[in-house]
Each structure stands twice: as structure tokens, then as C-alpha cells.
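Below is one structure, written out as C-alpha cells; the observations come after it.
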Amino acid sequence: MNITSDILRGHTETIILKQLLSKDSYGYEINKAIQDLTNHEFELKEATLYSAFRRLESAGLITSYWGDEATGARRRYYMITSEGKRVYAQNRKDWEDAKLLIDSLI
Amino acid sequence: MIQKIRTTITRAFDDVPKTKKSAELQEELISNLIEKFNDQLKMGKTEDEAYTTVIAGLGDLSELTESLKEHHVLSAPSAKDRQRNALVIAISVGLYILSPMALIVTSEVFDQDVLGLVMMFLFIAVATGLLIYNQASKPKYIKDDETLVEEFKEWKAAKDKDKALFAALSSAFWLIVVAIYLFVNFMYGWWPFSWIIFIIAAAIQNIARAIFALTRHERD
């Protein structure tokens, strides 16, 4: 499990970018999707998730806007930029390469 | 219980500068945590269990708050700075207005033409120096976060400052040109061809502008 969480931590930003590829979303929804995809084995800590948003936003890979919920607290939605899509594709390719490499080594 | 979540988050942000950015981050966090809390209740957990799950999922919030502490610098000029700014500009403008007076008084009353001219240029030089010093010593705009908007503001502030500096220099330059024009005409009667000075002056100004733009381009 330790190796797994180490590897996952290194890919937090790519994981978030992938969630934003299909639609704009907000923090909790992204984390829920991640949990569902991993059968509740993996969940990002809020601190990790929101720090990653800040980094992605300042790097210009995502932008954010406030939703207009009729009831309850406002949500901040994130949207992937074209640069974000490019970086995601690159990271994904890098990961495929790394996978092949590690498979031949381990 | 929701109030307890709210308090936990606000407390974690206690020693973070109270910027818009930090307020928005708190709002975002709280709204997402409340939704998570309500989902936990729907799944049949008690309020206490739900609260514990939410807090346990937070992780190390200092990771988040530390990033907000950097880059925070007040950028608005203080009242004192503005006063000093206004005083310097007033003195400079006064000197510009007085500079031809120095020439007239010294040359007419004391009959010292060269001294009058020296006096006039001295006044202009001091006034221009003051204006340039004033512009150059203004604090530049400092980004208070890393967004595109802040970058744009910083770029614009730098651009405006450059523009003001250029305007100050060129107004002094034209005053000097007019002074030289009047001086050579009245002193030596070069009326027929002294107009050429304006064409030369315009050329010099454009060259200066080009050099100015080039150096800025390189800096960017």
C-alpha cells in the first residue's frame, strides 16, 4: 500500500486533470469520482486536493469560476484549459512509457 | 455540527493574511466539506461519525495555508507616499514655469546672457531630475497571488511607470528645445533657418522612443 500511495501522490495533478476532461467539476465531486473509480480504496485528502488546484491554476492548466447554486453554499468549479489538456496527454504518455519500463524491471 | 466544521476551517486559517484569495479558499473548502458531511449522514452515519470522517479526511491543512502566506505584500501607496508624490510634482512644475523667468531676469536686469541661460537649464535639469526620481522611487506593483490577472496588473503597472517616465523626459526635452530656439533667434537672429531645430528634435525624440521600446522588449 505504501508504494501505491507514493506513486499516486506523484500523479495527483494528472488524476485531477483527467476528471476535468469530461466536464467542469468541483472539489468534493472530483474526490467522490476518484473514490468510485477505485472502489473506495483511494481518496485524496482535502489539503492535497486543494493545494493541487492552486498549483494547476497558477500553472494555467485549469481555471475556476463560482457556480450559482440557488440554495446552500457556493461551489467553485474548475475547468481544464487547452494547455491543461496538452499536459494531461503528455503525462499520460509518460505514464505509459514508465509502466512499460517498470514492468520490465520489476 | 456544521458550525463545528466551519470553525475548524476558520481556525486553520487564523494566521493567514486576510486576502480575498484566502476567504474564497475557506468558502470553497467549507461548502465542499458540508456536502461531504451531509452525504455521510445520508449513508446512515451519526452526526459524530460524519464529523469525524470529514475531519479525518482533511489531511495536513498547513500544506494549503502555507502557500497563501507567500506573495502577500500590500501594494497600495500610503497617504504619506501620495503627499510626497504631489509635493515633488508641484515643485517640479513650479521650476519649469520659473525657468524662462530666470533667463529673462538674469539677462535683462543683470545683462548676463550666458548666466541666464545656465540658470534656466539648471532649473529645468533640477525639475526633470525630481520627476524622474519621483517616478523611479515609487514602489512597483507586487503580485499578491499567482493568477493571470495579477500578472497583467504587474505588467501594466510597469508599463504605466515607463510611460510616465518617458512623458516626463520628453516634456522637459521639448521645453529645452523651445528655449534653445528662442535663445538663438533673439540673441543671434537666426530666424531664417532656426526652425530646423524642431525637425531635429522630433527625430531625436523618435530615436529615443525606439531605443526605449527596444530595451523594454529585450527586458520582457
**Prompt:** Just by accessible area at a 1.4 angstrom probe, what is the order of B:Trp191, A:Trp95 from largest to smallest?
**Reply:** B:Trp191, A:Trp95
**Fill in**
Averaged over residues of B:34-42, the number of beta carbons from other chains lying within 10 Å of each residue's Cβ is 2
**Request:** Let me have the relative contact order for chain B, percent, based on Cα pairs under 8 Å that are six or more residues apart.
**Result:** 15
**Request:** Using only protein heavy atoms and a 1.4 angstrom probe, determine the accessible area buried between B and A, summed over both sides, in Å² to the nearest 100.
**Result:** 1900
**Prompt:** What area, in nm² and to one decimal, does the C-alpha convex hull of the protein assembly as shown cast on average over all directions?
**Reply:** 26.7
**Asked** Just how many % of Cα pairs in the stretch A:2-105 lie over 24 Å apart, if you round to the nearest whole percent?
**Response** 26
**Most fluctuating residue given options B:Asp160, B:Asp113, B:Asp15, as computed from a GNM of chain B linking Cα atoms under 10 Å** = B:Asp15
**Asked** From the Cα gyration tensor of the stretch B:100-219, with a ≥ b ≥ c the square roots of its eigenvalues, which class applies: rounded if a/c is under 1.5, or else prolate if a/b is larger than b/c, or else oblate?
**Response** oblate
**Message:** Please compute the Kirkwood hydrodynamic radius over the stretch B:2-69, one decimal place, Å, based on all pairs of different Cα atoms.
**Reply:** 12.5
**Request:** Would you please calculate the Kirkwood hydrodynamic radius of the stretch A:42-86 over all C-alpha pairs and express it in Å, rounded to one decimal?
**Result:** 11.7
**Prompt:** Using Cα atoms only, what is the angle between the long axis of helix B:148-188 and the major principal axis of chain B, expressed in degrees (0 to 90) to the nearest 10?
**Reply:** 10
**Request:** Kindly write out, for the stretch B:191-207 in residue order, the coupling ³J(HN,Hα) from the Karplus curve 6.51 cos²θ - 1.76 cosθ + 1.60 (θ = phi - 60°), rounded to whole Hz, with x marking Gly and Pro.
**Result:** 3, x, 10, 5, 4, 4, 4, 5, 5, 4, 4, 4, 4, 4, 5, 5, 4
**Prompt:** If you plug each phi of the stretch A:25-38 into the Karplus form 6.51 cos²θ - 1.76 cosθ + 1.60 with θ = phi - 60°, what whole-Hz ³J(HN,Hα) values come out, in order, with x for Gly and Pro?
**Reply:** 8, 10, x, 5, 4, 5, 5, 4, 4, 5, 4, 4, 5, 9
**Prompt:** What FRET efficiency would be calculated for the residue pair B:Arg216, A:Met79, taking the C-beta separation as r and a Förster radius of 35 Å, to the nearest 0.05?
**Reply:** 0.55
**Prompt:** FRET efficiency for B:Asp14 and B:Ala167, Cβ-Cβ distance as r, R0 = 35 Å, nearest 0.05?
**Reply:** 0.15
**Complete:** Here, B:Arg6 and B:Asn85, labelled 7 Å along Cα→Cβ, have an inter-label distance in nm of 3.9
**Message:** Could you compute the longest span of chain B free of chymotrypsin sites (Phe, Trp or Tyr not before Pro) located in DSSP loops and having at most 12 other Cβ atoms within 10 Å, not counting the site residues?
**Reply:** B:1-109
**Prompt:** In whole percent, what relative contact order does chain A give with Cα contacts below 8 Å and a gap of six or more residues?
**Reply:** 28
**Asked** How far apart, in nm, are the 7 Å Cα→Cβ label points at B:Glu63 and A:Ala98?
**Response** 1.6
**Asked** Over all directions, what mean area does the Cα convex hull of chain B project, stated in square nanometres?
**Response** 18.0
**Fill in**
Here the stretch B:2-14 yields Karplus 3J(HN,Hα) values (6.51, -1.76, 1.60; θ = phi - 60°; whole Hz; Gly and Pro given as x) of 5, 4, 5, 5, 4, 5, 4, 5, 4, 5, 5, 9, 3
**Request:** Using a 1.4 Å probe and counting only protein heavy atoms, arrange A:Arg74, B:Arg216, B:Arg11 so the residue with the most accessible area comes first.
**Result:** B:Arg11, A:Arg74, B:Arg216
**Fill in**
Cα-Cα longer than 31 Å, checked against A:Lys45/B:Lys45; B:Lys18/B:Lys163; A:Lys23/B:Lys36, kept in input order, equals B:Lys18/B:Lys163
**Prompt:** Once you average over the residues of A:56-68, how many Cβ atoms of partner chains fall within 10 Å of each Cβ?
**Reply:** 2
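The values are calculated or read from the model by the stated rules, or taken from the named source; none is laboratory data. Just so you know, these numbers come straight off a predicted model, no measurement behind them. Positions of Cβ are generated from backbone atoms using ideal geometry, with glycine treated the same way; all protein chains shown enter the neighbour counts. Note: areas computed on protein heavy atoms with side chains; ligands, DNA, RNA excluded. Shrake-Rupley method; radii C 1.70, N 1.55, O 1.52, S 1.80 Å.
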